[in-house]
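Chemist: Questions regarding the structure given below will be posed in turn.
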Amino acid sequence: MEARQLSFIPAIHEINDKAVQKAVIEELRKYRALKVKIQNKHEQQKQGVSLFPSLRSANGIKEIEKEDELRVKQMERAIQVSLDSAERLIIEKKYLSPDEINDIAIYLELGIKKGKFYEKKRSAIFRLATALGII
């Protein structure tokens, strides 16, 4: 019987790194927009107004809103619980900031070496991918 090492992150040869990275980054960008959408919706409901027209059909809007709220809640949980503090800072600065910040500026600001930065960034993306069920 062959013994296999168990690992939190799947074996590299089983996964296309670029595809994982692309999927996670896309979800992080959606998360940013959905979070604003949900905050705006709650403000409008609290004030009893509807400021913007919706191009979606009324039939599916409630279901989509539930999915959007669940997506935001699960992304927040994945970021807060599955990442360590350095990984969280990297993800927040790189993908959740309204400003486009390059990697060099981030690792200099955080005071970490380039190699350590890319190691943490990669592990953060894979942890998020795992927490979100992407891999």
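Chemist: Would you point out which residue out of ILE25, ILE61, ILE135 is surrounded by 11 or more Cβ atoms within 10 Å (Cβ to Cβ), without any contact (Cβ under 8 Å) to a residue 40 or more places away in the chain and among the β-branched types (Val, Ile, Thr)?
Modeler: Only one candidate qualifies: ILE61.
Chemist: Quickly run through the range 71-101 and pick out the residues that are loosely packed, with under 11 Cβ neighbours inside 10 Å and at pLDDT 95 or above.
Modeler: Within the range 71-101, GLN80, VAL81, SER85 meet the criteria.
Chemist: Is it the case, given these coordinates, that ILE90 is free of Cβ contacts under 8 Å to residues at least 40 places away in the same chain, part of a helix (DSSP H, G or I) and in contact with a Leu (Cβ under 9 Å, 6 or more places away or on another chain)?
Modeler: The answer is yes for ILE90.
Chemist: In addition: Only one of these conditions is not met by LYS116: (1) assigned to a helix (DSSP H, G or I); (2) surrounded by 15 or more Cβ atoms within 10 Å (Cβ to Cβ). Which number is it?
Modeler: (2)
Chemist: Here is a follow-up. Is it the case that ILE106 is in contact (Cβ under 8 Å) with a residue 60 or more places away in the chain, buried (at least 18 other Cβ atoms within 10 Å of the Cβ) and not small (Gly, Ala, Ser)?
Modeler: no
Chemist: VAL72 - would you say it is in a helix (DSSP H, G or I) and either aromatic (Phe, Trp, Tyr) or touching a Leu at 6+ places or on another chain (Cβ under 6 Å) (or both)?
Modeler: Judged against the criteria, VAL72 is a match.
The values are calculated or read from the model by the stated rules, or taken from the named source; none is laboratory data. Keep in mind it's a predicted model, so treat the numbers as computed, not measured. Neighbour counts are summed over all protein chains in view; Cβ atoms, including those assigned to glycine, are modelled from backbone coordinates with ideal geometry.
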